[in-house]
Amino acid sequence: MRIDSQQQRWSVASHRYFWILLALGVKILFNFLISKQVALVFGEEGITVLMHFLNFVALLSFLPIEGVHRAWLSIAGKKPLQVNTELWIAAHFWDIAIFLVIIVVPTFFLRHFLSLFYFDALQYFGVLASILAYIFLHLFLQYFLWARSYVWYGMVNVLLSACSFLAVYWASRFGELSFVLTALAISYWLPLLLVVLMAAPPLPPLQKKWWLALYEDYQIYWQFILLALVGVLLDKLLAFEVRLWAVDTFGIIDTGYWQALVRVSELLVGMLLAFLAAAYYPMACQMPDGRSAWVYTVRQLRVAVPLVLVVMFLLWLSSEWWLALLYDAPFVRAAAWSHWQLTGDFFRMLSCWGALLLLARQSLMMYLVMQLLSVVVYLLSLASLYQLHAVEALPMAYAIEHLVYAAALYAYILWKRP
C-alpha cells in the first residue's frame with residue numbers, strides 16, 4: 001500500500017513537472033528565436049528597442065500580476081472552491097481598475113516613455129489593450145496552477161510563445177520596428193480568446209458587491225499591492241530609465257550589445273522564476289510553519305546551487321558561440337563582459353528561493369527592505385564605475401548588486417530560521 005501511494009505521488013509530480021517544464025522550454029526557445037529574428041533584421045538597435053518594449057509591457061502589467069494575482073493566490077488556499085472562484089473573478093475587476101490608473105502615467109508623459117518606439121496613436125492604444133489581454137491571460141494561467149490543470153497551463157503557454165514568434169517573424173518582413181512591436185503585443189489575444197471560450201471556469205452565484213470579495217482580506221491584499229508598487233518603482237521603472245540613460249550616454253549600438261546579455265539573463269532568470277512560481281511557491285505557501293518551509297527550501301537549494309554554478313560556468317566558456325548563435329556576429333563583442341553578467345545571474349538565481357520564501361511566509365516588510373538595498377547598491381556601483389569602465393560598468397554593477405543582495409538575504413533568513 002505504501003509503495004502504491006509513493007508511485008501515485010510520483011505520477012502526479014511527474015505530470016505536473018512535465019507540463020511546467022514543457023511550457024518553460026518552449027517559451028525560452030521561441031523567445032530566443034524572437035531575439036534572433038530582431039537582431040538579424042534590425043541589428044543592435046532592434047535588440048535595444050525590443051528589450052525596452054518588453055520592459056514597457058512589464059512596467060504596465062507588474063502591479064496587477066505581482067500585486068493582485070499574488071494576493072489572490074495567497075488567499076486562495078484558505079478558501080473553498082466556490083468562494084475562491086468568486087475571488088478570481090473579483091481579481092479581474094481589480095486588474096482593470098489598477099491598469100486604468102497605471103496607464104495615466106505613460107500617457108501623460110508620452111514623449112518620454114515612447115521615445116524609442118515611434119508608435120502612432122492607433123498602435124499605442126492597440127498595445128495598451130493587448131497588455132490588458134496579457135494580464136488577463138496571466139490570471140488564467142495562475143488559475144490553472146491553482147486548480148492543478150497542468151495540461152491547460154502547458155498548452156496555453158506553448159500557444160502564447162508560438163503566436164508571439166510568428167507575429168514577430170511575419171511583421172519583421174515589412175522592415176518597420178514599431179509594427180513588429182505592435183504585432184508582438186496583439187499576439188497575446190489569441191491564447192486569451194482560446195481559454196475564455198474553452199477553459200473558463202463556471203461562474204458561481206455572485207454575492208452583492210462581488211468585486212470587493214478579494215478586498216475582504218485587505219491586510220494581505222494591500223501588502224501585496226504595496227509590494228508590487230515598490231517593485232514597479234525599484235525594478236521595472238528603474239530598468240526603463242537606466243536603459244534610456246545608457247542610450248544617451250553610450251549610444252544605442254553599445255547599449256544593444258549590453259542588452260543582448262541582459263536578454264539572455266532575463267530569459268534564464270524568468271524561466272527559473274516561472275518554474276518556482278509554479279512548482280515551489282504554491283508548496284511553500286501551503287507549508288504549515290516556517291520550519292517546514294525552510295527545510296523544503298534547503299532541500300531544493302542543495303540541488304540548485306551546483307547545477308546553476310555549472311550552467312553559468314559553461315555559458316561563460318561558450319559566450320562567444322551563443323552570442324553569435326542567438327543574435328549575430330557583431331554581438332560577440334559582448335562576450336568580454338559576459339563574466340560579470342553571468343556572475344550576477346548566478347547570485348540572482350540563487351536569491352529567487354530566498355525571496356519567494358519571504359513572500360510565502362508573508363515577511364513582506366523585510367522583502368521590501370532587501371529590494372531597496374539591492375537598488376541602492378546597484379545605483380552606487382553604477383555611479384562609481386561608469387566613467388572609468390563605460391558600458392562595461394552596467395554588467396559590473398549588476399554583479400555587485402546581486403552578490404550583496406544574496407548575501408544579505410540569506411544572512412537574514414539564517415538569522416531568523418526556526
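Applying the selection to the range 86-127, what residues are free of Cβ contacts under 8 Å to residues at least 24 places away in the same chain and small (Gly, Ala, Ser)?
Within the range 86-127, 97, 121 qualify.
So residue 345 fits all but one of (1) at pLDDT below 95; (2) among the charged types (D, E, K, R); (3) in contact with a Ser or Thr (Cβ under 6 Å, 6 or more places away or on another chain); what number is the exception?
Result: residue 345 fails condition (1) only.
I'm checking my understanding of the structure. Among residues of the range 266-293 that are outside any helix (DSSP H, G or I) and more than 16 Å from the chain's Cα centre (by Cα), which one is nearest to residue 158 (Cα to Cα)?
Checked the range 266-293; the qualifying residue nearest to residue 158 (Cα to Cα) is 287.
Out of 137, 114, report the one residue that is farther than 19 Å from residue 69 by Cβ and surrounded by 16 or more Cβ atoms within 10 Å (Cβ to Cβ).
114
For the range 165-200, how many residues are in a helix (DSSP H, G or I), surrounded by 22 or more Cβ atoms within 10 Å (Cβ to Cβ) and of a type in the set (S, T, N, Q)?
1
For the range 281-302, give me each residue that is closer than 19 Å to residue 414 by Cβ and either hydroxyl-bearing (Ser, Thr, Tyr) or touching a Gly at 6+ places or on another chain (Cβ under 6 Å) (or both).
Across the range 281-302, the qualifying residues are 292, 296, 297.
For the range 309-326, name all the residues that are touching a residue at least 12 places away in the same chain (Cβ under 8 Å) and either of a type in the set (Lys, Arg) or over 30 Å from residue 43 (Cα atoms) (or both).
Correct list: 309 only.
If the requirement is being touching a residue at least 12 places away in the same chain (Cβ under 8 Å) and surrounded by fewer than 18 Cβ atoms within 10 Å (Cβ to Cβ), which of these qualifies: 329, 336, 293?
Going through 329, 336, 293 in turn, the sole match is 336.
For residues that are assigned to a helix (DSSP H, G or I) and free of Cβ contacts under 8 Å to residues at least 40 places away in the same chain, scanning just the range 235-265, find the one that is farthest from residue 382 (Cα to Cα).
Here the residue is 248.
In contact with a Ser or Thr (Cβ under 8 Å, 6 or more places away or on another chain), surrounded by fewer than 19 Cβ atoms within 10 Å (Cβ to Cβ) and not small (Gly, Ala, Ser): does that describe residue 245?
no
When you go through (1) under 22 Å from the mean Cα position of the chain (by Cα); (2) modelled with pLDDT of 90 or more; (3) buried (at least 20 other Cβ atoms within 10 Å of the Cβ) one by one for residue 307, which number turns out not to apply?
The single condition residue 307 does not satisfy is (3).
Go over the candidates 108, 93, 56, 125 one by one and state the one that is within 19 Å of the chain's Cα centre (by Cα) and either at pLDDT 85 or above or on the phi < 0 side of the Ramachandran plot (or both).
56
The values are calculated or read from the model by the stated rules, or taken from the named source; none is laboratory data. Given the structure is predicted, the values throughout are model-derived calculations rather than measurements. Quick reminder, even Gly has a Cβ in these numbers, built from the backbone with ideal geometry, and neighbours come from all protein chains shown.
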